[in-house]
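Undergrad: Right, I'll just put the structure down here and ask away after.
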Amino acid sequence: MNYLSKLALISLVSSSPIMAQTIPPLTLGAIATTKSSVHLDTDEETEIWPLVVYQGEHVYFQGIELGYRLLPLQSFQNISFGLSLENENYDPDDSDDTNANALDDRDLTLMTVAAYRIGPVTFKAGQDVLGEHDGFFGEITAKLRLKVNDIGVSPAISYRYLDEKLSNHIYGVSQTESDRTGGSIAAYDSGSTQKISYSLAMNYPVTPTVFINFKYTHSRYNDILDSPIVEDDKSNAVSLGAFARF
């Protein structure tokens, strides 16, 4: 079950750009997410998850990542290092295709991450440290931080590169797995892949410390349609949450 995609949406709630100089460090709440999948015969899922976030001057925990910033939180540029459960996994049991159900789980793994942010642009890279796939990703994200009639508005665009090992973990099929399906799903070795995501998030203040959050994300994937366990190269996610800052 691809639950980290939901937790990843939480990170924007936690690091909401509006009132950056005054927001308290602790955020608690809950968030519901509906997300479509690019994988074979896999229906969209709706799930609800708790939200617990801490944004200190240097130490932070946001959604799926624990890390440390070298410079204070409000610095125009910053460098950070951390550990993250990145959203790169696949559970074949979520598919309605019985052959896909016979494939191995693509489990989550802990990744070490490093990021450099300058203004609205963040460069980030991650490497598997537990040997689940030994893969690597690189990412560039640009996010505007606006305020419209007291509503926080954050449009963003990101590009993520997945190396061959990480891509194969999500989209590849080994010969052993193919044999398990009687050849109904062919063996496949994935090359590197890319994903471009566009998102729009809004935070509506109910009180000075309580907010309603909405986020929509559209993602497009390159070089994945040749995989026999992929049926689409686009996905969408919508989340709605409520949270309070302390």
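Laboratory data are not the source of any read-out in this text; all were calculated from the coordinates shown. Bear in mind the structure is a predicted one, so any value in this text is a computation, not a measurement. So basically every Cβ, Gly included, is an ideal-geometry build from the backbone, and we count neighbours across all protein chains shown.
Undergrad: Among strands (runs of 3 or more DSSP E) lying entirely in the stretch 75-129, which contain 3 or more residues that are aliphatic (A, V, I, L, M) and touching a strand residue (DSSP E or B) at 6+ places or on another chain (Cβ under 7 Å)?
TA: Numbers: elements: 77-85, 110-118, 121-128.
Once the strands (runs of 3 or more DSSP E) in the stretch 75-129 are filtered for at least 3 residues that are aliphatic (A, V, I, L, M) and touching a strand residue (DSSP E or B) at 6+ places or on another chain (Cβ under 7 Å), what remains is 77-85, 110-118.
Undergrad: Does the stretch 173-195 contain any residue that is within 17 Å of the chain's Cα centre (by Cα) and not polar (S, T, N, Q)?
TA: Looking through the stretch 173-195, at least one residue is within 17 Å of the chain's Cα centre (by Cα) and not polar (S, T, N, Q).
Undergrad: Find all pairs meeting these conditions: Cβ atoms under 6 angstrom apart; at least six residues apart or on different chains; first residue within the stretch 177-188 and of a type outside the set (A, V, I, L, M); second residue surrounded by 16 or more Cβ atoms within 10 Å (Cβ to Cβ) and not in a helix (DSSP H, G or I).
TA: Filtered contacts from the stretch 177-188: GLU177/LEU103; SER178/ILE185; ARG180/ALA102; THR181/ALA102; TYR188/GLY172; TYR188/VAL173; TYR188/SER227; TYR188/PRO228.
Undergrad: Further question: Suppose we keep only residues that are hydroxyl-bearing (Ser, Thr, Tyr) and more than 20 Å from the chain's Cα centre (by Cα) within the stretch 203-217. Which one would you say is surrounded by the fewest Cβ atoms within 10 Å (Cβ to Cβ)?
TA: If we filter the stretch 203-217 for residues that are hydroxyl-bearing (Ser, Thr, Tyr), which is where we start, we get 204, 207, 209, 216-217.
Restricting the remaining residues to those that are more than 20 Å from the chain's Cα centre (by Cα) gives 204, 207, 209.
Working: TYR204: 14, THR207: 7, THR209: 13.
Looking at the filtered set, the residue picked out is THR207.
Undergrad: Let me ask you something else. State all residues of the stretch 24-53 that are polar (S, T, N, Q) and either surrounded by 13 or more Cβ atoms within 10 Å (Cβ to Cβ) or farther than 30 Å from SER95 by Cα (or both); if no residue qualifies, say none.
TA: THR27, THR33, THR34, SER36, SER37, THR42, listed by residue number.
Undergrad: Considering each of GLY119, GLY126, GLY67, GLY56 in turn, give the residue that is on the phi > 0 side of the Ramachandran plot and either in contact (Cβ under 8 Å) with a residue 24 or more places away in the chain or crowded, with 20+ Cβ neighbours inside 10 Å (or both).
TA: GLY119
Undergrad: Turning to a different aspect of this structure: Of all residues in the stretch 227-246 being more than 20 Å from PRO50 (Cβ to Cβ) and touching a Gly at 6+ places or on another chain (Cβ under 9 Å), which is surrounded by the fewest Cβ atoms within 10 Å (Cβ to Cβ)? Spell out how you get there, then give the answer.
TA: Here is the first cut: in the stretch 227-246, the residues more than 20 Å from PRO50 (Cβ to Cβ) are 227-236.
In the following step, the residues that additionally are touching a Gly at 6+ places or on another chain (Cβ under 9 Å) were identified as 227, 229.
Details: SER227: 23, ILE229: 27.
Among residues in the stretch 227-246 that are more than 20 Å from PRO50 (Cβ to Cβ) and touching a Gly at 6+ places or on another chain (Cβ under 9 Å), the one surrounded by the fewest Cβ atoms within 10 Å (Cβ to Cβ) is SER227.
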